[in-house]
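Below is one structure, written out as structure tokens, with a few remarks after it.
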Amino acid sequence: MHAPSFNFMRLFEAIIDANHRAVAGDAEAGLHPDDFMDSLPVVALTCIDPRLNGYFPNALALPPEQFIWLRNAGNIITSGLSSTMRSLALACAVKGGREIAVIGHTDCQVAKTTAMALLERLKALGVDRSKLPENLNEFFGIFASERQNVIKACDFVRHSPLIGPGVPVHGLLIDIETGKLDWVVNGYDTLAMAVHKVASGSHVLGNLETFKDFEMGEMKFPEMRIGEAAMPSKPVPMPTPPAIPTGAVPPPLPQPSTPPPLKMTPPPPIKPHPVYKSRY
């Protein structure tokens, strides 16, 4: 019995299909990488857990030369411009990576580590708390769910300015006991949705064209002239000042009285805002 052809599938659809059949015991399960050369090589981000060493790239049924492997603790991405994003971007731009996969795994020790436990372990290594960032959860990317961590990482990659908009970004989870891969984020679907949103934006412009063309003759203006409503209908006569006899000195103009100096009350002193520090 020969393995079925995957020509009708996209790369990671074929990878997961072959993986599931292999885990189920199908000795013929496999992948023909030559059928997917337009999607290779693959850039994969995984955890540093040594238990993954025997799974990749075997679990993907890919030859080593078509697998660009990046690793960090917990396969964590903290922002679209992080150092891990720099490596992903260079893997695509320099090494020719065509598709990206963030692959988490079950029983991840990072997910089981709290900020308090991490502080204790760092302290045992001689690391002073005062030298660490204020927000340990944010800096180390501590998470509680392997799946949510993969989803968050894929979202950072998908929206990063360093990654081309046409690069599929997948999220997978591998069972550390069996090697079975499962979808978390289907990068083909999210890419298609993004393209659809961009295309649907043209409908907004199209709706503007349905408005009736502006015609000057349809505008109605008030009959009165500008400023006419503010002007009285008849001029108001101005009062005539009394005549001053010849040679007489006009009386001095009244001088405004000088008000007494105001007593300025000084403003209250500015108090600094308290600085709240997180406790772990």
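The values are calculated or read from the model by the stated rules, or taken from the named source; none is laboratory data. None of the values given here were measured: they were computed from a predicted structure. Every residue, glycine as well, gets a Cβ built from its backbone with ideal geometry; the counts of neighbours run over all protein chains shown.
Summary of computed values
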{"read-out": "Options Leu40, Leu119, Leu52: the member that is touching a residue at least 24 places away in the same chain (Cβ under 8 Å) and in contact with a strand residue (DSSP E or B) (Cβ under 7 Å, 6 or more places away or on another chain)", "value": "Leu52"}
{"read-out": "Of all residues in region 63-99 being touching a helix residue (DSSP H, G or I) at 6+ places or on another chain (Cβ under 6 Å) and among the hydrophobic types (A, V, I, L, M, F, W, C), the one that is farthest from Gln148 (Cα to Cα)", "value": "Ile68"}
{"read-out": "Search result, residues across region 16-30 that are out of contact with any Gly (no Cβ under 9 Å at 6 or more places or on another chain) and either among the polar types (S, T, N, Q) or assigned to a loop (DSSP other than H, G, I, E, B) (or both)", "value": "Ala24, Gly25, Asp26, Ala27, Glu28, Ala29, Gly30"}
{"read-out": "Residue within region 49-60 that is surrounded by 20 or more Cβ atoms within 10 Å (Cβ to Cβ), over 17 Å from Asp182 (Cα atoms) and not small (Gly, Ala, Ser) present", "value": "no"}
{"read-out": "Of residues in region 38-74 being more than 18 Å from Gly187 (Cβ to Cβ) and part of a helix (DSSP H, G or I), the one nearest to the chain's Cα centre (by Cα)", "value": "Gly74"}
{"read-out": "Top-ranked residue of region 155-211 - restricted to ones that are of a type in the set (S, T, N, Q) and modelled with pLDDT under 95, ranked as farthest from Ile15 (Cα to Cα)", "value": "Thr210"}
{"read-out": "Count of residues meeting criterion [in a loop (DSSP other than H, G, I, E, B), on the phi < 0 side of the Ramachandran plot and surrounded by fewer than 11 Cβ atoms within 10 Å (Cβ to Cβ)] in region 119-143", "value": "4"}
{"read-out": "Given (1) assigned to a helix (DSSP H, G or I); (2) more than 27 Å from the chain's Cα centre (by Cα); (3) buried (at least 20 other Cβ atoms within 10 Å of the Cβ), index of the condition Asp35 fails", "value": "(3)"}
{"read-out": "Residue in region 158-167 that is part of a helix (DSSP H, G or I) and either surrounded by fewer than 17 Cβ atoms within 10 Å (Cβ to Cβ) or free of Cβ contacts under 8 Å to residues at least 40 places away in the same chain (or both) present", "value": "yes"}
{"read-out": "Among (1) in a helix (DSSP H, G or I); (2) over 18 Å from Lys152 (Cα atoms), the one test that Gly97 misses", "value": "(1)"}
